Amino acid sequence: MIKSKGDDGTINAFLGKNTTFNGSLIFDGLVRIDGSFEGNVKTNDTFVVANSGKVKADIDAGIVKISGKFEGTIVAKSKVELYKPANVVGTIKTPSLNIEDGVIFNGTCEMGKNSQPTKEIKVAEDDKK
């Protein structure tokens, strides 16, 4: 299992290798995906995509750890950790990003304390002069 300092290793929910789920996950604690998931994830805690996991989702979480396949958008309040052999395609917004050697990441990343979605600013024609 992917672990970091402070993790007690307790898994609150688990989606096994031969399991597929489509929908929304809203939870507290740690959820680990070893199977296939498509949808939305919302938590202030930890979301893990294990080596055999395949996830296509929009994720809003405290911590995200990926060593499987992921496609979509990640907004992490604390950090994102990508471990070999992860294959990640999409957008990551987080104050902290760790990418291990051997990870494939194709997409964009926005980092910093204020890495929230940016708002479009409209400028009036008179202000352009």
ask   = When a footprinting reagent is the concern and you count Cβ atoms within 10 Å, what order do 67, 36 take, fewest first?
value = 36, 67
key: Over the range 13-128, relative contact order from alpha-carbon pairs under 8 Å, at least 6 apart, %   = 15
query = Shape call for the range 13-128 from the C-alpha gyration tensor, a ≥ b ≥ c root eigenvalues: rounded (a/c under 1.5), prolate (a/b greater than b/c) or oblate?
reply = prolate
ask   = Between residue 71 and residue 51, what length in nm is gained on full extension when 0.36 nm per residue of separation is reduced by their alpha carbon distance?
value = 5.8 nm
inquiry  = I need the peptides 44-53, 89-98 ranked by packing, meaning the mean over residues of other C-beta atoms within 10 angstrom, with the highest value on top.
reply    = 44-53, 89-98
note = Lys and Arg at +1, Asp and Glu at -1: neighbours of residue 74 with Cβ under 9 Å from its Cβ sum to -1
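Count charges around residue 104 for me, please; just the other residues with Cβ under 10 Å from its Cβ, Lys/Arg as +1, Asp/Glu as -1. Walk me through the intermediate numbers first.
On the way: positive: 69, 84; negative: none.
Residues close to residue 104 contribute a combined charge of +2.
Since every read-out is calculated from the coordinates, none of them should be taken as a lab result. None of these values were measured; they are calculated from a predicted model. Cβ coordinates were reconstructed from backbone atoms using ideal geometry, including for glycine residues, and neighbour counts include every protein chain displayed.
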